[in-house]
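Reading through the structure tokens given below for one structure.
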Amino acid sequence: MPLILEQRTLAPRVSWLRLAAPEVAAKAEPGQFVIVRLDEKAERIPLTIVEADREKGTVVLVVQEVGRSTADLVRLGAGDEIRDLLGPLGRPTEIARVGTVVCVGGGIGVAPILPQARRHREVGNRVLGIIGAQTRAALILEEEMRAACHRLFVTTDDGSYGRKGLVTEALAELLAEEPEIASVTAIGPVPMMEAVAALTRPHGIKTIVSLNPIMVDGSGMCGGCRVTVAGETRFACVDGPEFDGHLVDFAELRRRQGFYREEERRALAAVADPKEDCRCRNA
């Protein structure tokens, strides 16, 4: 079972984990993910591989508490083990030397945008980064993004740090200032990615978004992660997770993301109140 070698807290309810996973680390590329299962009764959680060290045989994952299983995972520390770690899964990001690129990360999306920014810089692209969060306390991996980007713009919704406003506002200014942007990659909340695609569409700039719909097995068998792209059904686990943002049916994606919101609420409530857990099972 994969062993957690190191743990640190990036923000409230956000945990950074380095795990021993030599087989995954040997093949992982930016854009790929793993599916984690904490124990035999836990749900399967898709998490982007933030960093892979082939020599040391380790991978880094960033976990945000959003439901019962992620709450349990965030509480783990160095020395704990995870029952299953399956991967790398999904298609790697297609990265080539194209000139100036923009990497946009919102909230927890800063974690998966980081390896892409690093690889873009490695191949010789000029990397402009935009990261944002609701508050300064919620902002993650700022220093790592500064090292990966030639220029980094930071926003917070409440103005507690960096520029007050949304990442899309900073992007709109960049699009006006930088006429030679070859591509934009955006990872974060669905409304943010949809807004980024709407901004770049009039400019004809290639725009990639990374989708994280409901996922079960990660192999394309269950169909739970289906999305509509260019009017056709695709599966995020095997056809993605990255797609052309101008072709994604975001309205459908938003509906599907809310399917199990009530069940997630009940399961998370059971962490604090065991009686709630009993009510869930008997409901």
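The values are calculated or read from the model by the stated rules, or taken from the named source; none is laboratory data. Values in this document were obtained by computation on a predicted structure and should not be read as measured data. Ideal geometry is used to build each Cβ from the backbone, glycine not excepted, and the neighbour counts take in all protein chains shown. Side chains included, ligands, DNA and RNA excluded: accessible areas come from the protein's heavy atoms. Shrake-Rupley method; radii C 1.70, N 1.55, O 1.52, S 1.80 Å.
Going by the structure shown, is T207 touching a Ser or Thr at 6+ places or on another chain (Cβ under 9 Å), modelled with pLDDT of 95 or more, under 24 Å from V60 (Cα atoms) and of a type outside the set (A, V, I, L, M)?
Details: touching a Ser or Thr at 6+ places or on another chain (Cβ under 9 Å): yes; modelled with pLDDT of 95 or more: yes; under 24 Å from V60 (Cα atoms): no; of a type outside the set (A, V, I, L, M): yes.
No; evaluated as a whole, the condition is false for this residue.
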Which one of these is in a strand (DSSP E or B), open to solvent by 80 Å² or more (accessible area, probe 1.4 Å) and at pLDDT 95 or above: L10, L61, L5? L5
Any residue at all in region 115-126 that is of a type in the set (G, A, S) and in contact with a Lys or Arg (Cβ under 7 Å, 6 or more places away or on another chain)? yes
Condition first: closer than 24 Å to K164 by Cβ and β-branched (V, I, T). Can you find one or more residues in region 111-123 that meet it? yes
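Regarding G220, is this residue open to solvent by 10 Å² or more (accessible area, probe 1.4 Å) and under 18 Å from T100 (Cβ atoms)? Break it down stepwise before answering.
On the way: open to solvent by 10 Å² or more (accessible area, probe 1.4 Å): yes; under 18 Å from T100 (Cβ atoms): no.
The answer is no for G220.
Scanning region 168-201 for residues that are more than 26 Å from Q257 (Cα to Cα) and of a type outside the set (A, V, I, L, M), which turns out most open to solvent (accessible area, probe 1.4 Å)?
Let us first name the residues in region 168-201 that are more than 26 Å from Q257 (Cα to Cα), namely 170, 172-183.
With the extra rule that they be of a type outside the set (A, V, I, L, M), the set shrinks to 173, 177-180, 183.
Numbers: E173: 89, E177: 110, E178: 31, P179: 110, E180: 134, S183: 16 Å².
That would be E180.
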Could you tell me how many of the residues in region 16-30 are among the basic types (K, R) and either in a strand (DSSP E or B) or crowded, with 22+ Cβ neighbours inside 10 Å (or both)? 1
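Across region 31-45, what is the total count of residues that are part of a loop (DSSP other than H, G, I, E, B) and either over 18 Å from G220 (Cα atoms) or charged (D, E, K, R) (or both)?
Final tally of qualifying residues: 7.
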Looking only at region 37-51, which residues are touching a residue at least 60 places away in the same chain (Cβ under 8 Å) and crowded, with 21+ Cβ neighbours inside 10 Å? P46, T48, I49, V50
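Within region 223-248, take every residue that is surrounded by 15 or more Cβ atoms within 10 Å (Cβ to Cβ) and assigned to a loop (DSSP other than H, G, I, E, B) and give me the one that is modelled with the lowest pLDDT.
From region 223-248, those surrounded by 15 or more Cβ atoms within 10 Å (Cβ to Cβ) are 224-229, 234-243, 245-248; that's our starting set.
Going one step further and asking which of them are assigned to a loop (DSSP other than H, G, I, E, B), we end up with 224-225, 240-241, 245-247.
Numbers: G224: 74, C225: 82, G240: 88, P241: 92, G245: 96, H246: 97, L247: 96.
Of everything passing the filter in region 223-248, G224 is modelled with the lowest pLDDT.
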Those residues of region 143-167 which are crowded, with 17+ Cβ neighbours inside 10 Å and touching a Ser or Thr at 6+ places or on another chain (Cβ under 7 Å) amount to T156, G162, L166, V167
